[in-house]
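Here's the structure we're looking at; comments come further down.
The values are calculated or read from the model by the stated rules, or taken from the named source; none is laboratory data. Note that this is a predicted model, so its numbers are computed, not measured. Don't worry about glycine lacking a Cβ; one is built from the backbone with ideal geometry, like all the others, and counts go over all protein chains shown.
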Amino acid sequence: MRNALIADQLDPLIELNTTPLIDVMLVLLVMFIITIPIQTHAVKLDLPAPCRECPVPRGDVNVVTVNPMDQVFWNDIPISKTDLALVLRQTQQMRPLPELHLRPDPTARYGTVDDILGIVKREHVEKFGFVGNESDQETF
């Protein structure tokens, strides 16, 4: 009988005590939560300043022209390319959407016209078309 008591005492424990392990994990979780920096939901954007000297877009049709010296005009008023983007953004908020007509001079640089087309595409202009190039067919 004495051998039976000794055998019961020598059996290894099959169950592992997980309570200290859980305590350590909870302490580590709290430490990680404390050390994580607070995330702000604000997005910092450098918005362009409103253009005070920009021409007012018309409600029906607006014409962008490029002259032979690569100057850009909005309804016959000179405009820079950055201001053109702002005015185009304004037109896309109008209802009904006004049409945008691009009338480049045949001798204007292609790079300037391409820059304007890029601006038009970035501002998601929906009603857009080339005008006045019918007379240029005989030029070339």
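Being part of a helix (DSSP H, G or I) and either modelled with pLDDT of 90 or more or of a type outside the set (A, V, I, L, M) (or both), is that true of even one residue in the stretch 60-79?
no
Could you list, ordered by first residue, the pairs with Cβ atoms under 7 Å in which the first is in the stretch 53-72 and on the phi > 0 side of the Ramachandran plot and the second is surrounded by fewer than 17 Cβ atoms within 10 Å (Cβ to Cβ), at least 6 apart or interchain?
ASP70/ARG109
Inside the stretch 82-133, can you point out the residues that are in a helix (DSSP H, G or I) and of a type in the set (Ser, Thr, Tyr)?
Those that are in a helix (DSSP H, G or I) and of a type in the set (Ser, Thr, Tyr): THR82, THR91, TYR110, THR112.
If you scan the stretch 68-104, which residues turn out to be of a type in the set (Val, Ile, Thr), surrounded by 14 or more Cβ atoms within 10 Å (Cβ to Cβ) and farther than 11 Å from ARG58 by Cα?
VAL72, ILE79
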